Ligand SMILES: Nc1ncnc2c1ncn2[C@@H]1O[C@H](COP(=O)(O)OP(=O)(O)OP(=O)(O)O)[C@@H](O)[C@H]1O
Ligand code: SF4
Ligand SMILES: [Mg+2]
């Protein structure tokens with residue numbers, strides 16, 4: 001595994017694009033059809049259209065009936081290209097994990113379509129769904145909670161193969177050792193239990209388990225959020241190495257804008273169940289056009305004392321997804337809101353190839369980046 005520069009705690013200021021952090025990022029791997037937004041000419045590995053999840057809230061002493069709906073994800077559309085990392089960011093409760101679970105078919109969508117490698121997988125069941133699960137895996141935030149403490153590491157990492165069937169005991173032992181090697185752990189430690197490893201090592205075990213079935217697509221749901229900064233950098237580097245070696249595509253879900261910037265090719269920003277901006281990371285971090293990501297970036301501490309902020313900070317609480325505001329869901333927190341924002345839902349529309357924004361006034365929200373000198 002190649003050593004890479006550690007992560008910076010914050011996104012670099014404007015003009016910082018091309019900084020040491022980004023110079024340390026691997027160039028696009030040769031031979032992979034890396035898509036940049038809608039400019040791609042090859043079909044994406046994953047495409048979701050109008051993905052929606054409303055969780056019903058039921059109540060009633062004798063007969064339960066639906067009394068409300070949590071609108072966790074509403075009409076979300078995006079693509080992930082082969083070998084690409086799409087970052088997914090947004091405040092807590094905005095629907096990131098629900099989106100990841102929907103894509104993996106771990107929960108059923110209320111509406112929408114999921115296409116994987118050109119095939120509509122939204123309604124797959126039984127053996128066909130099990131086959132799909134080989135290709136799509138997840139790495140969770142809590143490396144300890146995700147691992148059964150009573151199982152050995154060998155049992156944990158080969159469990160997905162056991163579920164799929166058709167693997168002999170000897171194959172599994174060999175496979176467990178190969179996976180340990182791939183994630184940078186001593187193969188001899190396969191007989192140990194999760195409590196005998198550090199947090200970072202446990203996340204490596206979680207990653208080994210996720211790649212056991214040789215998937216093509218992995219959802220990383222806050223996969224480094226619980227780790228110390230230095231360990232975060234090692235795990236991010238491991239994910240990038242594995243992406244190059246195995247040709248993986250990632251949906252990388254995280255709160256930390258710096259980590260997302262480091263690992264992602266493109267970034268999608270979510271607010272209260274909707275996507276509000278999708279762009280390549282350079283555009284998103286230096287010239288965001290939606291007031292929400294502008295405010296999110298303005299909230300990131302800037303190390304340089306001479307840098308001052310020209311964009312508004314985020315104020316107020318995220319409204320409840322039980323009763324989201326009409327029109328633009330961001331309008332109660334947006335300093336640019338006008339009457340139309342309170343009644344009409346802004347569509348996610350292309351401002352430029354690969355740059356989509358859901359704001360009625362996206363054409364005039366440009367100007368200096370969030371932390372201009
Ligand atoms: N099974 C469920 N039943 C009812 N509501 C749910 C369920 N799962 C999630 N929700 C709600 O859906 C909304 C989106 O949740 P989700 O976990 O996707 O958010 P998130 O962006 O991943 O948040 P975080 O950053 O805190 O992990 C939240 O309001 C959450 O309470
Ligand atoms: S549509 Fe209106 S309320 Fe929503 S982000 Fe744009 S200006 Fe703000
Ligand atoms: Mg989550």
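Read-outs throughout are calculated quantities, based only on the coordinates presented, and are distinct from any laboratory measurement. Note that the structure is predicted; figures quoted are calculated from it, not measured. Neighbour counts are summed over all protein chains in view; Cβ atoms, including those assigned to glycine, are modelled from backbone coordinates with ideal geometry.
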Q: Round to a whole angstrom and tell me the spacing of the C-alpha centers of region 89-152 and region 196-273.
A: 15 Å
Q. Measuring from label point to label point, each 7 Å out along Cα→Cβ, what is the residue 77 to residue 352 span in nm?
A. 2.2 nm
**Q.** At R0 = 56 Å, FRET efficiency that the Cβ-Cβ distance of residue 189 and residue 282 yields, to 0.05
**A.** 0.90
Q. Restricting attention to the alpha-carbon atoms of region 136-249, what are Rg (one decimal) and Dmax (integer), both in Å?
A. 13.0, 40
**Q.** Per-selection metrics, region 68-221 (Cα): Rg and Dmax in Å
**A.** 16.8, 52
(Q) Going 7 Å from the Cα of residue 171 along its beta-carbon direction, which residues of region 210-239 have the amide nitrogen within less than 17 Å of the resulting point? (A) 211-215
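Sorted by average packing, counted as other Cβ atoms within 10 angstrom per residue and highest first, what order do 316-329, 244-257 take?
Values: 316-329: 16.1, 244-257: 20.6.
Ranked by mean Cβ neighbours within 10 Å, highest first: 244-257, 316-329.
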Q. What do you get when you divide the Cα radius of gyration of region 42-150 by 2.2 N^0.38 Å, with N the number of residues?
A. 1.23
**Q.** Cut-off 19 Å (backbone N to label point 7 Å along Cα→Cβ of residue 129), residues of region 161-191
**A.** 161-165
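For region 66-122, what is the Kirkwood estimate of the hydrodynamic radius, computed as the reciprocal of the mean inverse distance between distinct Cα atoms, to one decimal in Å?
Details: mean 1/r = 0.0779 Å⁻¹.
Taking every pair of different Cα atoms in region 66-122, averaging 1/r and inverting gives 12.8 Å.
Find how much the distance from residue 150 to residue 225 grows on full extension, using 0.36 nm per residue of separation minus their present alpha carbon separation; answer in nm with one decimal. Provide the component values of the computation, followed by the final result.
On the way: separation 75, 0.36 × 75 = 27.00 nm, distance 2.48 nm.
Using 0.36 nm per residue and subtracting the Cα-Cα distance, I get 24.5 nm.
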**Q.** Whole-angstrom Cα spans of region 232-356 along principal axes, big to small
**A.** 51, 37, 31
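Given a Förster radius of 35 Å and the C-beta distance between residue 363 and residue 42 as r, what FRET efficiency does 1/(1 + (r/R0)^6) yield to the nearest 0.05? Working shown, then result.
Values: r = 30 Å, r/R0 = 0.86.
Once the sixth-power term is evaluated, E becomes 0.70.
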Q.
Given R₀ = 22 Å, what would the calculated FRET efficiency be for residue 181 paired with residue 106, taking r from the Cβ atoms and rounding to 0.05?
A. 0.15
(Q) Starting from 0.36 nm per residue, how many nanometres of slack lie between residue 198 and residue 163 once their C-alpha separation is accounted for? (A) 9.9 nm
